[in-house]
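Student: One structure, pasted below without further comment.
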Amino acid sequence: QVQLVESGGGLVQAGGSLRLSCEVSGRIFSINAMGWYRQAPGEERELVATISSGGRPNYADSVKGRFTISRDNAKNTVYLQMDSLIPEDTAVYYCYGRVVLVGPAGPEFRYWGQGTQVTVSS
């Protein structure tokens, strides 16, 4: 079975930094795109950043220049480095991975992490 385990959330003051990690485990053939969503209380879920299997990143305008997404394919892990944090970044952050379980050209399934709370105080 496939699992995505997140870590790195917590409480930080405005201007501080956090680094989130999300590791994929289980029997898989490959991982395509990976990324991060976040959801604040009373808000819609927002796509924060994505990264392709080849390492091409994309960012929401709200975090561009402050967050950096990266991945280590050997470790099946995606990271989100968050710098210059502001209170508006407070949310539950969810990682995802688009996973191919069997063989070339097999079907792709989207798996989600459990979420990790990020709280930024002023």
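Student: I'd like the Karplus ³J(HN,Hα) series for region 37-50: coefficients 6.51, -1.76, 1.60, θ = phi - 60°, whole numbers in Hz, and an x wherever there's a Gly or Pro.
Tutor: 10, 9, 9, 8, x, x, 10, 6, 5, 10, 6, 8, 7, 10
Student: Further, regarding this structure: Averaged per residue, what accessible area in Å² does the chain show with a 1.4 Å probe, protein chains only?
Tutor: The answer is 54 Å² per residue.
Student: Cα convex hull of the chain: mean projected area in nm², to one decimal?
Tutor: The directionally averaged projection comes out at 7.3 nm².
Student: If you roll a 1.4 Å probe over the chain with all protein chains in place, what percent of the accessible area is carbon or sulfur?
Tutor: The value for the chain is 48 percent carbon and sulfur by accessible area.
Student: At a threshold of 8 angstrom on Cα-Cα distance, excluding pairs fewer than six apart, so keeping six or more, what relative contact order does the chain reach in percent?
Tutor: Rounded, it is 35 percent for the chain.
The values are calculated or read from the model by the stated rules, or taken from the named source; none is laboratory data. Here the structure is a predicted model, which means the values were calculated and not measured. Just the protein is used for accessible areas: all its heavy atoms, side chains included, with ligands, DNA and RNA removed. Shrake-Rupley method; radii C 1.70, N 1.55, O 1.52, S 1.80 Å.
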